[in-house]
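S.K.: Handing you this structure, nothing more for now.
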Amino acid sequence: MTADLFDGLETAGADREQLAPGAVILRGFARPHETELIAAIGAITAQAPFRRMVTPGGHQMSVAMTNCGSLGWVTDRSGYRYDPVDPESGKPWPPMPPLFRELAEQAATDAGFPRFAPDACLINRYEPGAKMSLHQDRDERDIGAPIVSVSLGLPATFLFGGLKRTDKTQRYRLVHGDIVVWGGPARLAFHGVAPLPDGEHGLLGRQRVNLTFRRAR
Ligand code: SIN
Ligand code: FE2
(Lines give C-alpha, C1' and ligand atoms only; values in the text may rest on other atoms or scores of the structure.)
(Ligands and ions follow the chains in the order given, each with its own letter.)
Protein backbone atom coordinates (compact mmCIF):
# COMPACT_ATOMS: atom_id res chain seq x y z
CA MET A 1 0.00 0.00 0.00
CA THR A 2 1.39 3.34 -0.93
CA ALA A 3 1.94 5.65 2.01
CA ASP A 4 0.22 8.48 0.17
CA LEU A 5 -3.03 6.67 -0.49
CA PHE A 6 -4.90 9.12 1.67
CA ASP A 7 -3.17 12.27 0.46
CA GLY A 8 -5.81 14.60 -0.75
CA LEU A 9 -8.49 12.95 1.35
CA GLU A 10 -9.49 15.55 3.90
CA THR A 11 -10.43 13.63 7.02
CA ALA A 12 -9.81 16.15 9.78
CA GLY A 13 -12.94 18.13 9.05
CA ALA A 14 -14.86 15.15 7.72
CA ASP A 15 -18.57 15.39 8.09
CA ARG A 16 -19.45 13.15 11.01
CA GLU A 17 -22.56 12.24 12.90
CA GLN A 18 -22.46 10.60 16.31
CA LEU A 19 -25.01 7.80 16.81
CA ALA A 20 -24.05 6.92 20.37
CA PRO A 21 -20.85 6.92 22.44
CA GLY A 22 -18.49 4.77 20.34
CA ALA A 23 -20.59 4.95 17.16
CA VAL A 24 -20.20 7.47 14.34
CA ILE A 25 -21.09 7.98 10.68
CA LEU A 26 -18.22 9.36 8.59
CA ARG A 27 -20.10 10.95 5.71
CA GLY A 28 -18.58 10.38 2.27
CA PHE A 29 -15.40 8.86 3.70
CA ALA A 30 -15.16 6.13 1.04
CA ARG A 31 -16.19 8.35 -1.84
CA PRO A 32 -12.67 9.17 -3.12
CA HIS A 33 -12.07 5.43 -3.58
CA GLU A 34 -15.38 4.47 -5.18
CA THR A 35 -13.91 3.38 -8.53
CA GLU A 36 -11.25 1.10 -7.04
CA LEU A 37 -13.66 -0.28 -4.44
CA ILE A 38 -16.24 -1.22 -7.07
CA ALA A 39 -13.59 -2.78 -9.34
CA ALA A 40 -12.28 -4.83 -6.41
CA ILE A 41 -15.78 -6.01 -5.50
CA GLY A 42 -16.21 -7.14 -9.13
CA ALA A 43 -12.99 -9.16 -8.97
CA ILE A 44 -13.95 -10.74 -5.62
CA THR A 45 -17.45 -11.71 -6.72
CA ALA A 46 -16.08 -13.24 -9.94
CA GLN A 47 -14.30 -15.76 -7.68
CA ALA A 48 -16.77 -15.98 -4.83
CA PRO A 49 -20.21 -15.03 -6.21
CA PHE A 50 -22.96 -13.48 -4.10
CA ARG A 51 -25.31 -16.10 -2.66
CA ARG A 52 -28.32 -15.99 -0.38
CA MET A 53 -27.50 -18.03 2.67
CA VAL A 54 -29.86 -19.89 4.97
CA THR A 55 -30.20 -19.10 8.68
CA PRO A 56 -30.00 -21.82 11.34
CA GLY A 57 -33.80 -21.53 11.53
CA GLY A 58 -34.08 -22.46 7.84
CA HIS A 59 -34.95 -19.03 6.39
CA GLN A 60 -33.23 -17.84 3.24
CA MET A 61 -31.82 -14.34 3.79
CA SER A 62 -32.99 -11.56 1.46
CA VAL A 63 -29.47 -10.09 1.42
CA ALA A 64 -26.95 -11.93 -0.80
CA MET A 65 -23.46 -12.30 0.67
CA THR A 66 -19.88 -13.15 -0.03
CA ASN A 67 -16.58 -12.45 1.74
CA CYS A 68 -12.95 -11.60 1.31
CA GLY A 69 -10.10 -11.90 3.78
CA SER A 70 -8.67 -14.81 5.71
CA LEU A 71 -12.07 -15.49 7.30
CA GLY A 72 -15.60 -15.22 5.95
CA TRP A 73 -18.88 -15.05 7.84
CA VAL A 74 -21.26 -17.81 6.84
CA THR A 75 -24.58 -19.17 8.00
CA ASP A 76 -26.29 -22.47 7.26
CA ARG A 77 -28.56 -24.94 9.05
CA SER A 78 -25.78 -25.75 11.51
CA GLY A 79 -25.33 -22.13 12.70
CA TYR A 80 -23.30 -18.96 12.18
CA ARG A 81 -19.51 -19.11 11.99
CA TYR A 82 -16.34 -17.65 10.52
CA ASP A 83 -14.83 -20.02 7.98
CA PRO A 84 -11.50 -19.69 6.11
CA VAL A 85 -13.08 -21.57 3.20
CA ASP A 86 -15.96 -20.64 0.91
CA PRO A 87 -18.36 -23.56 1.33
CA GLU A 88 -19.60 -23.11 -2.27
CA SER A 89 -16.18 -23.56 -3.88
CA GLY A 90 -14.23 -25.37 -1.17
CA LYS A 91 -11.48 -22.77 -1.69
CA PRO A 92 -10.21 -19.96 0.57
CA TRP A 93 -12.06 -16.65 0.28
CA PRO A 94 -10.38 -14.13 -2.07
CA PRO A 95 -7.76 -12.09 -0.21
CA MET A 96 -8.69 -8.72 1.24
CA PRO A 97 -7.41 -6.01 -1.13
CA PRO A 98 -4.89 -3.67 0.54
CA LEU A 99 -7.16 -0.70 -0.23
CA PHE A 100 -9.98 -2.32 1.79
CA ARG A 101 -7.74 -2.89 4.78
CA GLU A 102 -6.27 0.61 4.59
CA LEU A 103 -9.63 2.33 4.25
CA ALA A 104 -11.11 0.36 7.16
CA GLU A 105 -8.12 1.11 9.35
CA GLN A 106 -8.25 4.81 8.48
CA ALA A 107 -11.98 5.04 9.21
CA ALA A 108 -11.54 3.21 12.53
CA THR A 109 -8.69 5.52 13.51
CA ASP A 110 -10.79 8.55 12.65
CA ALA A 111 -13.57 7.20 14.85
CA GLY A 112 -11.18 6.74 17.78
CA PHE A 113 -10.17 3.08 17.32
CA PRO A 114 -6.54 3.09 16.12
CA ARG A 115 -4.66 0.00 14.84
CA PHE A 116 -7.75 -1.82 13.57
CA ALA A 117 -6.53 -4.87 11.65
CA PRO A 118 -9.55 -6.57 10.05
CA ASP A 119 -9.21 -10.23 9.04
CA ALA A 120 -12.75 -10.58 7.66
CA CYS A 121 -14.80 -8.54 5.22
CA LEU A 122 -18.41 -9.54 4.72
CA ILE A 123 -19.87 -8.16 1.49
CA ASN A 124 -23.64 -7.71 1.53
CA ARG A 125 -25.73 -7.06 -1.58
CA TYR A 126 -29.21 -5.59 -1.13
CA GLU A 127 -31.60 -5.57 -4.04
CA PRO A 128 -34.84 -3.57 -3.72
CA GLY A 129 -36.88 -5.03 -0.86
CA ALA A 130 -33.93 -6.77 0.82
CA LYS A 131 -33.45 -6.02 4.50
CA MET A 132 -31.45 -7.05 7.51
CA SER A 133 -33.30 -7.63 10.76
CA LEU A 134 -32.10 -6.14 14.01
CA HIS A 135 -29.11 -8.11 15.32
CA GLN A 136 -25.83 -7.82 17.20
CA ASP A 137 -22.46 -8.69 15.65
CA ARG A 138 -21.26 -11.16 18.24
CA ASP A 139 -19.62 -14.02 16.38
CA GLU A 140 -16.20 -12.37 16.65
CA ARG A 141 -13.74 -13.65 19.22
CA ASP A 142 -12.38 -10.22 20.09
CA ILE A 143 -15.05 -7.61 20.62
CA GLY A 144 -12.33 -5.12 21.57
CA ALA A 145 -12.12 -4.29 17.85
CA PRO A 146 -14.80 -2.10 16.22
CA ILE A 147 -17.04 -2.86 13.24
CA VAL A 148 -16.42 -0.74 10.14
CA SER A 149 -19.25 -0.66 7.61
CA VAL A 150 -18.97 0.92 4.14
CA SER A 151 -22.09 1.80 2.13
CA LEU A 152 -22.05 1.86 -1.68
CA GLY A 153 -24.82 2.24 -4.25
CA LEU A 154 -28.46 2.94 -3.40
CA PRO A 155 -29.33 4.79 -0.18
CA ALA A 156 -30.65 2.77 2.74
CA THR A 157 -32.15 3.35 6.17
CA PHE A 158 -29.83 2.07 8.88
CA LEU A 159 -31.42 1.20 12.22
CA PHE A 160 -29.26 1.67 15.28
CA GLY A 161 -30.43 0.76 18.76
CA GLY A 162 -28.99 -0.03 22.15
CA LEU A 163 -27.56 -3.07 23.89
CA LYS A 164 -30.99 -4.65 24.37
CA ARG A 165 -33.15 -5.81 21.47
CA THR A 166 -36.07 -3.89 22.91
CA ASP A 167 -34.17 -0.57 23.15
CA LYS A 168 -35.52 2.16 20.92
CA THR A 169 -33.85 2.35 17.50
CA GLN A 170 -32.91 5.52 15.64
CA ARG A 171 -33.06 5.66 11.83
CA TYR A 172 -30.22 7.07 9.73
CA ARG A 173 -30.06 7.45 5.98
CA LEU A 174 -26.81 6.00 4.63
CA VAL A 175 -25.73 6.97 1.14
CA HIS A 176 -22.97 5.92 -1.25
CA GLY A 177 -19.59 6.51 0.35
CA ASP A 178 -20.71 6.76 3.98
CA ILE A 179 -18.86 4.69 6.58
CA VAL A 180 -20.30 3.75 9.97
CA VAL A 181 -17.94 2.69 12.76
CA TRP A 182 -19.13 1.25 16.06
CA GLY A 183 -16.99 -0.07 18.89
CA GLY A 184 -16.21 0.31 22.59
CA PRO A 185 -19.46 0.91 24.49
CA ALA A 186 -21.45 0.59 21.23
CA ARG A 187 -19.77 -2.59 19.97
CA LEU A 188 -22.71 -4.86 20.78
CA ALA A 189 -25.44 -2.39 19.80
CA PHE A 190 -28.40 -3.86 17.92
CA HIS A 191 -28.54 -2.69 14.31
CA GLY A 192 -30.22 -3.52 11.02
CA VAL A 193 -31.28 -2.22 7.62
CA ALA A 194 -34.87 -1.38 6.58
CA PRO A 195 -36.19 -2.85 3.29
CA LEU A 196 -34.24 -1.22 0.45
CA PRO A 197 -36.29 1.23 -1.61
CA ASP A 198 -36.06 0.78 -5.37
CA GLY A 199 -33.87 3.18 -7.31
CA GLU A 200 -31.03 3.42 -9.77
CA HIS A 201 -27.52 4.32 -8.70
CA GLY A 202 -25.14 5.84 -11.26
CA LEU A 203 -22.31 3.38 -10.56
CA LEU A 204 -24.01 0.32 -9.09
CA GLY A 205 -27.48 0.29 -10.62
CA ARG A 206 -30.39 -1.21 -8.68
CA GLN A 207 -28.54 -2.33 -5.60
CA ARG A 208 -26.75 -1.39 -2.44
CA VAL A 209 -23.46 -3.07 -1.58
CA ASN A 210 -22.17 -2.94 1.99
CA LEU A 211 -18.69 -3.95 3.15
CA THR A 212 -18.47 -4.88 6.82
CA PHE A 213 -14.99 -5.21 8.26
CA ARG A 214 -14.40 -7.21 11.42
CA ARG A 215 -11.61 -8.62 13.50
CA ALA A 216 -12.96 -12.14 13.82
CA ARG A 217 -10.02 -13.85 15.62
C1 SIN B 1 -24.58 -5.80 8.74
O2 SIN B 1 -25.03 -5.53 9.85
O3 SIN B 1 -23.86 -6.79 8.53
C4 SIN B 1 -24.90 -4.95 7.54
C5 SIN B 1 -25.16 -3.52 7.83
C6 SIN B 1 -25.41 -2.76 6.55
O7 SIN B 1 -25.71 -3.36 5.50
O8 SIN B 1 -25.32 -1.51 6.58
FE1 FE2 C 1 -24.29 -6.52 11.60
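The values are calculated or read from the model by the stated rules, or taken from the named source; none is laboratory data. Here the structure is a predicted model, which means the values were calculated and not measured. Here the Cβ is made from the backbone with ideal geometry for all residues, glycine too, and neighbour counts use every protein chain on show. Note: areas computed on protein heavy atoms with side chains; ligands, DNA, RNA excluded. Shrake-Rupley method; radii C 1.70, N 1.55, O 1.52, S 1.80 Å.
S.K.: Taking all protein chains in place and a 1.4 Å probe, what share, in percent, of the accessible surface of the chain do carbon and sulfur account for?
M.R.: 51 percent
S.K.: Label points 7 Å out from Cα along the Cβ direction at ALA117 and GLU36: separation in nm?
M.R.: 2.1 nm
S.K.: Then there's this: Under the rule a/c < 1.5 gives rounded, and otherwise a/b versus b/c splits prolate from oblate, where does the chain land using the Cα gyration tensor?
M.R.: Rounded.
S.K.: Using 0.36 nm per residue, how much length does the chain from SER89 to GLN170 gain when fully extended, once their Cα-Cα distance is taken away?
M.R.: 25.3 nm
S.K.: Also: Tell me the relative contact order for the chain as a rounded percent, counting alpha carbon contacts under 8 Å between residues six or more apart. Don't skip to the answer; put the middle values down first.
M.R.: Working: 514 pairs, mean separation 52.6, N = 217.
Relative contact order for the chain comes out at 24 percent.
S.K.: Looking at the chain, identify the longest residue range that excludes and avoids all GluC sites (Glu not before Pro) in DSSP loops having at most 12 other Cβ atoms within 10 Å.
M.R.: 89-199
S.K.: Then there is this: For the pair SER133 and ASP198, what calculated FRET efficiency results from E = 1/(1 + (r/R0)^6), where r is the Cβ-Cβ distance and R0 = 25 Å, to the nearest 0.05?
M.R.: In this case the efficiency is close to 0.80.
S.K.: With an 8 Å Cα cut-off and a minimum separation of 6 or more residues, compute the relative contact order for the stretch 145-217 in percent.
M.R.: Rounded, it is 47 percent for the stretch 145-217.
S.K.: If you place +1 on the Cβ of every Lys and Arg, -1 on the Cβ of every Asp and Glu, and leave all else neutral, what size is the dipole of the chain about its Cα centre, to the nearest 20 Debye?
M.R.: My answer is approximately 840 debye.
S.K.: While we're on this one: With θ set to phi - 60°, apply the Karplus curve 6.51 cos²θ - 1.76 cosθ + 1.60 along the stretch 197-208 and write out the HN-Hα couplings as whole Hz, x wherever there is a Gly or Pro.
M.R.: x, 5, x, 9, 9, x, 9, 10, x, 8, 7, 10
S.K.: Bins of 10 Å, beginning at zero and ending with the bin holding the largest distance: percent of Cα pairs per bin for the stretch 129-217, please.
M.R.: The percentages, shortest bin first, are 17, 48, 28, 7.
S.K.: For THR157 and THR55, FRET efficiency with R0 = 35 Å and r from the beta-carbon atoms, rounded to 0.05?
M.R.: Once rounded, the FRET efficiency stands at 0.95.
S.K.: From Cα pairs below 8 angstrom and at least 6 apart in sequence, can you work out the relative contact order of the stretch 51-121, rounded to a whole percent?
M.R.: 28 percent
S.K.: Can I ask one more? Work from the charge dipole of the stretch 65-217 (Cβ charges, +1 for Lys and Arg, -1 for Asp and Glu, about the Cα centre) and give the residue of MET132, ALA120, PHE100 farthest towards its positive end.
M.R.: MET132
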